[in-house]
Structure formats: C-alpha cells, structure tokens
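Computed from the coordinates by the stated procedures, all read-outs in this text should not be read as laboratory data. Bear in mind that the values here come from a model prediction, so they are computed numbers and not experimental data. Here the Cβ positions follow ideal geometry from the backbone for every residue, glycine too, while neighbour counts run over all protein chains shown.
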Amino acid sequence: MTVAVVQFGGSNCDRDTVRALSALDIDTRLVWHEDGLPAETTGVVLPGGFSYGDYLRAGAMAARSPVMDEVRAAAESGTPVLGICNGAQVGCEASLTPGAFTVNQSARFQCEHVHLRVENADTLWTAAYDAGDVLRFPIAHGEGRFEIADDRLETLAAENRILFRYCDPEGRVTEAANPNGSTGGVAGIVGDHDTVAVMMPHPERVSLPDIGPTDGQGVLRAFA
C-alpha cells in the first residue's frame, strides 16, 4: 500500500502531508509529477501550495500535467484521491469534482483557523467523525472561495456530497463564519466517486499530536 503525494513546481505542503500520513503508519511516497504514479499506488494526495505560481488561475496549469491523466484513471478505478487547498483547486480544474475555487471575497490571502461542521459522516473521508461534529482546521489561501450554481449545490446536498461547511464554534453555518465567501459555506465535497474529495482547509496541519490538535487525523485515516 503506497499513498502518492504528488509534487508540482510550487507545492509547499507536500512534505507536511507525508509526515502527517507517516505518523499514522500509512506508507507514503513523495512523487514528482513528471515521474508519474508508482505502480503500487493505492491512494493519491494533491497537496497544498502554489503550483506554477498560480499563474492563469490557481490549479489551472497543474491540472493539465500528464500525471493528472493517471490520477483521473486511478480515481475512476476507486483509488482514494484527496485534494487539499491548492490540490483542491487542481482537482476542480481537472474535473475530479464539480464547482470551482476563485478569489476570496476579501480579495486577500487569508491564513487563520476556522471551524468546520461535518455534514455527512458516511464517507471514506469523514467516517472517523459524527455528523454535526465541529472541527477546527487552519486555512491558508487567496483563492479559496468555492463557487457553484445554486441548482448544482442543491444537487450536491441532496446526494450527500458535501463533506464540510464553515461554521461558528457552536456549529451554526453563518455568513460571519464563512471566511472566504464560499457558496453555501462549503469547505469540502466529494466527486462523482465518493472516494474522491477536495477540501480547502488543511487536515495535515492538525494531525501531529506533538505540535497541537489532531482534528485532521480523521480525514487522513481514509488512506488506512
């Protein structure tokens, strides 16, 4: 079992992700995008960072890297694929999930802790939690606002494909608790295959007990 953490030029959360997964005794390998996925790949992480300097728009260039054909094929076969922050932008640009991520409502880069409400605990990515749980994750992005048409958002909700919404500490989804203006307060979703997910907050940054809280471990345990 090997989880491939795909490096692009400008990735900067790749080693953090490897360390967080390794701490959970998950075999992990850092993979340069030009080298393709290892034959033994059983999971894929598209990590955070600024792939290709966010030129054109965040994630657009990395989504067109040849390795993404392999990632899509892996996703189609049921291999777990997780896009985090810039990786979420790459995942949307590569049509692994619907919607798009665009410039924060504040038009500023935001680096802070936020609260997330677990919307659906019956997924690979949220099985460690209960529906309604409130978690505390960090965000660090300039283009983290999730955009999707209202009717498509309703479909996602009806199909239980929303993983997390931004909320206040009591679990209320409010405008004030939405850090970037995401449609419906959405912070993470699954694709057509529920083994594929993208999320803007960083679970790998809240997974190491020696440096702080471990709310993010539940997401990463999906690869185990």
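So which residues in the stretch 190-201 are under 14 Å from residue 140 (Cα atoms) and either small (Gly, Ala, Ser) or part of a loop (DSSP other than H, G, I, E, B) (or both)?
To start, the set of residues in the stretch 190-201 that are under 14 Å from residue 140 (Cα atoms) comprises 199-201.
Residues satisfying the conditions are 200, 201.
Take residue 160 and decide whether it is touching a helix residue (DSSP H, G or I) at 6+ places or on another chain (Cβ under 6 Å) and part of a loop (DSSP other than H, G, I, E, B).
Details: touching a helix residue (DSSP H, G or I) at 6+ places or on another chain (Cβ under 6 Å): no; part of a loop (DSSP other than H, G, I, E, B): yes.
When the stated conditions are applied, residue 160 does not pass them.
Confirm whether residue 155 is surrounded by fewer than 19 Cβ atoms within 10 Å (Cβ to Cβ), among the β-branched types (Val, Ile, Thr) and without any contact (Cβ under 8 Å) to a residue 24 or more places away in the chain. Break it down stepwise before answering.
Details: surrounded by fewer than 19 Cβ atoms within 10 Å (Cβ to Cβ): yes; among the β-branched types (Val, Ile, Thr): yes; without any contact (Cβ under 8 Å) to a residue 24 or more places away in the chain: yes.
So residue 155 fits the description; yes.
Within the stretch 166-201, count every residue that is under 11 Å from residue 84 (Cβ atoms) and either surrounded by fewer than 24 Cβ atoms within 10 Å (Cβ to Cβ) or among the hydrophobic types (A, V, I, L, M, F, W, C) (or both).
Start the filter on the stretch 166-201 by keeping residues that are under 11 Å from residue 84 (Cβ atoms), which leaves 188, 197-201.
Filter once more, so that each one left must be either surrounded by fewer than 24 Cβ atoms within 10 Å (Cβ to Cβ) or among the hydrophobic types (A, V, I, L, M, F, W, C) (or both): 197-200.
Result for the stretch 166-201: 4.
Can you name every residue in the stretch 24-60 that is more than 16 Å from the chain's Cα centre (by Cα), buried (at least 21 other Cβ atoms within 10 Å of the Cβ) and touching a residue at least 60 places away in the same chain (Cβ under 8 Å)?
Result: no residue meets the conditions.
Looking only at residues that are closer than 15 Å to residue 36 by Cβ and assigned to a loop (DSSP other than H, G, I, E, B) in the stretch 61-76, which one is nearest to the chain's Cα centre (by Cα)?
65
Identify all residues within the stretch 74-131 that are touching a Leu at 6+ places or on another chain (Cβ under 8 Å), of a type in the set (A, V, I, L, M) and touching a residue at least 40 places away in the same chain (Cβ under 8 Å); write none if there are none.
Result: 75, 81, 82, 84, 88, 90, 116, 118.
When the residues of the stretch 120-144 are filtered to those that are in contact with a Phe, Trp or Tyr (Cβ under 8 Å, 6 or more places away or on another chain) and over 16 Å from residue 88 (Cβ atoms), which remaining residue is surrounded by the fewest Cβ atoms within 10 Å (Cβ to Cβ)?
The residue in question is 121.
If you scan the stretch 200-223, which residues turn out to be of a type in the set (Gly, Ala, Ser) and within 15 Å of residue 129 (Cα to Cα)? Walk me through it before giving the result.
Going residue by residue through the stretch 200-223, those that are of a type in the set (Gly, Ala, Ser) are 207, 212, 216, 218, 222.
Listed by number, the residues that qualify are 207, 216, 218, 222.
For residue 91, indicate whether it is in a helix (DSSP H, G or I) and either of a type in the set (Val, Ile, Thr) or under 16 Å from the mean Cα position of the chain (by Cα) (or both). Break it down stepwise before answering.
Details: in a helix (DSSP H, G or I): yes; either of a type in the set (Val, Ile, Thr) or under 16 Å from the mean Cα position of the chain (by Cα) (or both): yes.
In short, yes.
Considering only residues that are crowded, with 24+ Cβ neighbours inside 10 Å and either outside any loop (DSSP other than H, G, I, E, B) or of a type in the set (Phe, Trp, Tyr) (or both), which ones fall in the stretch 207-224?
If the condition is that a residue be crowded, with 24+ Cβ neighbours inside 10 Å and either outside any loop (DSSP other than H, G, I, E, B) or of a type in the set (Phe, Trp, Tyr) (or both), then 219, 220 are the ones that fit.
What residue, of 187, 176, is under 18 Å from residue 106 (Cα atoms), of a type in the set (A, V, I, L, M, F, W, C) and either assigned to a helix (DSSP H, G or I) or touching a Lys or Arg at 6+ places or on another chain (Cβ under 8 Å) (or both)?
Values: 176 fails: either assigned to a helix (DSSP H, G or I) or touching a Lys or Arg at 6+ places or on another chain (Cβ under 8 Å) (or both).
So the residue among 187, 176 that is under 18 Å from residue 106 (Cα atoms), of a type in the set (A, V, I, L, M, F, W, C) and either assigned to a helix (DSSP H, G or I) or touching a Lys or Arg at 6+ places or on another chain (Cβ under 8 Å) (or both) is 187.
With 130, 122, 151 as the choices, which residue is farther than 21 Å from residue 59 by Cβ, in a helix (DSSP H, G or I) and not basic (Lys, Arg)?
Details: 130 fails: in a helix (DSSP H, G or I); 122 fails: in a helix (DSSP H, G or I).
Unique residue meeting the criteria: 151.
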